[in-house]
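Please read the structure below before turning to the comments.
The values are calculated or read from the model by the stated rules, or taken from the named source; none is laboratory data. Source: prediction; values computed, not measured. All Cβ positions, glycine included, derive from the backbone under ideal geometry; neighbour counts span all protein chains shown. Note: accessible area is taken over every heavy atom of the protein model, side chains too, but ligands, DNA and RNA are not part of it. Shrake-Rupley method; radii C 1.70, N 1.55, O 1.52, S 1.80 Å.
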Amino acid sequence: MRKFTLLLVSAFFTMGMVLMMLTNEETIAKTKTKEIMLAHNQPTEHPVHKSLKIFKDRLEKESHGQIKVNIYPNGQLGSEREAIEMTQTNAIQMTKVSAGALESFSPTYSLFNMPYLFESEDNYRHVMKRQNVQDAFFKSTGDQGFLGITYYDAGMRNIYTKDKKIKDNKDLKGLKIRVQPGKTSVDLIKSLGGTPTPMDYGEVYTAMQSGVIDAAENNETSLTTNNHGEVAKNYYYTEHATVPDILIMNKETYDSLTKQQQKWLEDAADYSTKKHEVIWDKAVSDAKKTATEKMGVKFHDVDKSTFKATSKPLQDEFKNNPDTKEDYKLIEKEEQRYEKSKANH
């Protein structure tokens, strides 16, 4: 009986020690400040930097200082490709990049370079809020060492030129247009009739000024936050693609967070994305006003039907490609559901 009692006491003692160790580990994890380096390639005036600052402030507040975020803007730590690779190796923990820059890490992301994937910007915003859509993209790079955390609206991509006039897709013939480095970005502009010239975003101003390129394709804020409106005087609403920015995080760092810390991080990211829509819409409105009044940029509509028609073969490739067809069907399903809900109201 005494032996049994001793064994029982010993077992309780051992269990108590284990629970104490686990509690201590959890306490250490909570009290030790985790520092996150977050890099991106935009200036501090850009809407996405403002939204990342909201993410930082929200996370630091909600985590009661357990997580600290240090933001490095303006490409201080390298190009988008370099920042992604540093995130893979945990040299930095987070970076914001264009979805187009992720296609070489996961072909799923190439779908955003499908011409006219979304019927409208409103449809795009609705579809991207769906958790199943986010999961399809964000979780696709886990085996590459990083995960998607949230997205930021980067508007619809349009073509702007130094001096060339555009009315329909035929006017793109021979036009050297800067595109993001990546096969599908190149294929997209080819499908519209242009001559793609891949280069990093930071090189666009000088390249257009010197005549290395005739045009670029991006949203309206590029004219002002990066001063492209000083060298490009015509902006054409081709609305050929909607490519979001993606906030990614090193998977090892994410997994090292407690469940509560992960929730704080995800909630802060979601909060910043919602705030970003308001910031973005104002930024686009302000950019158009500034570009028109202070830079002399003119904004033009084009015959989009010619661009849609000429890019149909590339659209069909995406629809039938094993790497993208299931995600295309998912987006199509969510967009149709949204259209139906609008019709019913």
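Find out how many positive minus negative residues lie around residue 155, taking Lys and Arg as positive, Asp and Glu as negative, among other residues whose Cβ is under 9 Å from that of residue 155. Surrounding charge for residue 155 is -2. Could you work out the Rg to Rh ratio of segment 135-213, with Rh taken as the Kirkwood radius (inverse of the mean 1/r over all Cα pairs)? With Rg and the Kirkwood Rh in hand, the quotient comes to 1.07. Segment 167-271 has equivalent-ellipsoid semi-axes of 36, 15, 13 Å, by the square roots of 5 times the alpha carbon gyration tensor eigenvalues, sorted largest first. Short to long, the 20 Å bins of the Cα pair-distance histogram for the chain hold 28, 52, 14, 5, 1 percent of all pairs. Normalised per residue, the accessible area of the chain is 48 Å², obtained with a 1.4 Å probe and no contribution from ligands, DNA or RNA. By the Kirkwood approach, averaging reciprocal distances over each pair of separate Cα atoms, segment 212-342 gets a hydrodynamic radius of 18.7 Å.
In terms of its C-alpha gyration tensor, segment 288-336 comes out prolate, because a/c is 1.5 or above and the ratio a/b outweighs b/c. Based on alpha carbons, the Rg and Dmax found for segment 36-105 are 12.2, 37 Å. So for the chain, averaging the separation of alpha carbon pairs under 8 Å that are six or more residues apart and normalising by length, what relative contact order in percent results? Relative contact order of the chain: 23 percent. The residues packed around residue 304, meaning those with a beta-carbon under 15 Å from its beta-carbon, carry a net charge of -3 if Lys and Arg are +1 and Asp and Glu are -1. The distance between label points at residue 74 and residue 309 comes to 4.8 nm (points 7 Å beyond Cα on the Cα→Cβ vector). Prolate is the label for segment 64-112, because a/c, from the alpha-carbon gyration tensor with a ≥ b ≥ c as root eigenvalues, is 1.5 or above and a/b exceeds b/c. With the highest mean first, a sort of the peptides 45-55, 59-69, 108-118 on other beta-carbon atoms found within 10 angstrom per residue produces 108-118, 45-55, 59-69. Considering all different alpha carbon pairs of segment 99-258, the Kirkwood hydrodynamic radius works out to 16.6 Å.
Each of residue 274 and residue 132 was given a label point 7 Å from its Cα along the Cα-to-Cβ line. The distance between the two points is 2.3 nm.
Among 255-266, 194-205, sorting by the average number of other beta carbon atoms lying within 10 angstrom of each residue, highest first, gives 194-205, 255-266.
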